[in-house]
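Since the structure comes first, as structure tokens, the remarks are kept for the end.
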Amino acid sequence: MSTVAFAAIAIFTLAAALAAATLPKLMHAALSFAVMFVGISGFFFLLGAEFVGLVQIFVYIGAVAVLIVFTILLTRDDVENVRSFQWGGAIVAIAVFAGLIWAIAKTKSLPLTPPQIEPVTVQRIGELLMTNYVWPLQCVGVLLTAALIGALILVMEEKS
Amino acid sequence: MTPTLQLFLILSAALFCIGLLAALSRRHAIFILIGIEMMLAAANINFIAFWRFAPQPAQPTGVMVAIFAIAIAAAEAAVGLAMVIAVYRHFRSTNVDQLDRLKG
């Protein structure tokens, strides 16, 4: 883990996140949202969790970003709302950030250097998913099925 | 020279607050969903960072929790965007200020 790589990915991710939060055009924001997830998976690679980084790229850039772009195209609001930004949210966000920074700075015993570990292979994750984490895996399967059916029912045409 | 745990925590705090800013200050429903996804991703960075800096990461618990969190976030995004489309069909708008039918 090098500090240079960390700083580069941090600036990239935070710039993309700020663009996604503040750009007035919805489509530009959605595309910066996808770019931000490239940076976040960069952090996962940096921290040695390669599988999570790849899952993040597949799920977010491959599925969620495309879903958001489809929704934007399906619900095109032609009335451009100029005064859509409200400063109350910015004040709350800055207050929460200050509180979190205060809490992190007050915590004394945070470890400074990561210990040496053997890399987490996909085989290890698969074995854990089939042994220790088999109940959460089944629950996530049920949840995803319920979300699929629920999303379909929500957007189904109502017969009137 | 390696980045410390504090740097990762500060970065994910910043990302969380940018997501909060997007969810609170924008009036468009899709922006609110983008903000919520951003906050979930910041929480995932914390899971992975705490796992990596823990003294004995024998079991990759943080990795497993992050994988399940990503799956749940994907389900949340699918249902949320379906709700945006359903609301748009009723009101012809995705501005959350105009959805005030339940207001007393």
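The values are calculated or read from the model by the stated rules, or taken from the named source; none is laboratory data. Since we're looking at a predicted model, the values are computed, not measured. Reconstructed Cβ throughout: ideal geometry from the backbone, glycine too, with neighbour counts over all protein chains shown. The accessibility values were calculated without ligands, DNA or RNA, using every heavy atom of the protein model including side chains. Shrake-Rupley method; radii C 1.70, N 1.55, O 1.52, S 1.80 Å.
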Do we have any residue at all in region A:29-45 that's touching a residue at least 12 places away in the same chain (Cβ under 8 Å), at positive phi and at the interface with chain B (Cβ under 7 Å from one of its Cβ atoms)? no
Counting only residues that are in contact with a helix residue (DSSP H, G or I) (Cβ under 6 Å, 6 or more places away or on another chain) and at pLDDT 75 or above, how many does region A:93-113 have? 5
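Could you tell me whether A:Ile125 is over 28 Å from B:Leu20 (Cα atoms) and out of contact with any Lys or Arg (no Cβ under 8 Å at 6 or more places or on another chain)?
Details: over 28 Å from B:Leu20 (Cα atoms): yes; out of contact with any Lys or Arg (no Cβ under 8 Å at 6 or more places or on another chain): yes.
Here the answer is yes, as A:Ile125 does meet what is asked.
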Could you grab me the full set of residues in region A:112-136 that are more than 8 Å from chain B (Cβ to nearest Cβ) and assigned to a helix (DSSP H, G or I)? A:Val122, A:Gln123, A:Gly126, A:Glu127, A:Met130, A:Val134, A:Trp135
Kindly provide the set of residues from region B:62-74 that are more than 12 Å from the chain's Cα centre (by Cα) and open to solvent by less than 20 Å² (accessible area, probe 1.4 Å), ordered by number. B:Gly62, B:Val63, B:Met64, B:Ala66
Can you find a residue in region A:52-65 that is touching a strand residue (DSSP E or B) at 6+ places or on another chain (Cβ under 9 Å) and not hydrophobic (A, V, I, L, M, F, W, C)? no
Every residue from region B:78-97 that is under 23 Å from the mean Cα position of the chain (by Cα) and of a type in the set (D, E, K, R): B:Asp97
Subset of region B:38-59, residues more than 14 Å from A:Leu18 (Cβ to Cβ), open to solvent by less than 30 Å² (accessible area, probe 1.4 Å) and facing chain A (nearest Cβ under 7 Å), comes to B:Ala41, B:Ile45, B:Ile48, B:Ala49, B:Phe53, B:Pro57
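Could you list all residues from region A:96-142 that are among the hydroxyl-bearing types (Ser, Thr, Tyr) and within 14 Å of B:Ile10 (Cα to Cα)?
Passing the criteria: only A:Thr107.
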